[in-house]
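Peer 1: Handing you a structure now.
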Amino acid sequence: MPIPKYALLENERRFLVDASRLPDLSNLPFRRVEDRYVTGARLRLRSMTDSETGARALKFCKKYPGEDPVSGPITNLYLTEAEHQVLAALPARILVKRRYRLPHGGRAFGVDVFEGELAGLMLCEAEAESREAILALAFPPWTTREVTDDPFFAGGNLCAVTSAELAARLAASRA
């Protein structure tokens, strides 16, 4: 699929995290991320709040469907508070997580610690400038199974998953 006009190519991979091997996060700064996945669309409204400063970044995103789970087109619009409030009125499913940045091998990896129905789920993600670079990237030793190509672990699906469904899926992935 050609990249739509104004879209950028996002090169990203995601892995499950083994909490028992993860460094202690309790004193680290994070961003609280609230994603609103708009019902009936491939649109995400995001609010990111810095734990140290309280500063908020607001954006509206569309990830385009494609055959490659590692590399795909994405567009983002940064919003004002008023614009965010207008779009927040759209029907949506909500996903909340804390995103930490952890160094490993000379670069930072994002660790998402999910809240609510998804409490207990932790994912590690990284992005790179090219498909080749992200595929060559060595992930930290506290990651386990790669879930980049598993639609269950995509945000647009996770926002509708119950804690029982998550527990069953995580148990199956450890088997």
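Peer 1: State which residue is nearest to Cys124 (Cα to Cα) when the search covers only the range 149-167 and only residues that are touching a residue at least 24 places away in the same chain (Cβ under 8 Å) and crowded, with 16+ Cβ neighbours inside 10 Å. So that I can check it myself, show each step before the final result.
Peer 2: The first filter runs over the range 149-167 and keeps only residues touching a residue at least 24 places away in the same chain (Cβ under 8 Å), leaving 149, 153, 155-156, 158-163, 166-167.
Checking which are crowded, with 16+ Cβ neighbours inside 10 Å leaves us with 153, 155-156, 158-159, 161, 166.
Values: Phe153: 11, Gly155: 13, Gly156: 17, Leu158: 15, Cys159: 17, Val161: 19, Leu166: 17 Å.
Checking each candidate, the answer is Phe153.
Peer 1: Something else: Condition (residue is assigned to a loop (DSSP other than H, G, I, E, B), among the aliphatic types (A, V, I, L, M) and closer than 14 Å to Arg14 by Cα) applied to the range 145-152: is it met by at least one residue?
Peer 2: yes
Peer 1: Next up: Of the residues Ala126, Ala133, Ala138, which single one is on the phi < 0 side of the Ramachandran plot, part of a loop (DSSP other than H, G, I, E, B) and in contact (Cβ under 8 Å) with a residue 24 or more places away in the chain?
Peer 2: Within the list Ala126, Ala133, Ala138, the selection yields Ala138.
Peer 1: Oh, and also: Could you list, in sequence order, all residues of the range 1-14 that are of a type in the set (A, V, I, L, M) and either surrounded by 13 or more Cβ atoms within 10 Å (Cβ to Cβ) or closer than 18 Å to Leu79 by Cβ (or both)?
Peer 2: Ile3, Ala7, Leu8, Leu9
Read-outs: derived from the displayed coordinates by stated rules, not from any lab. As the structure is a prediction and not an experimental result, all values here were calculated from the model. No Cβ is skipped: glycine too gets one built from the backbone with ideal geometry, and neighbour counts run over all protein chains shown.
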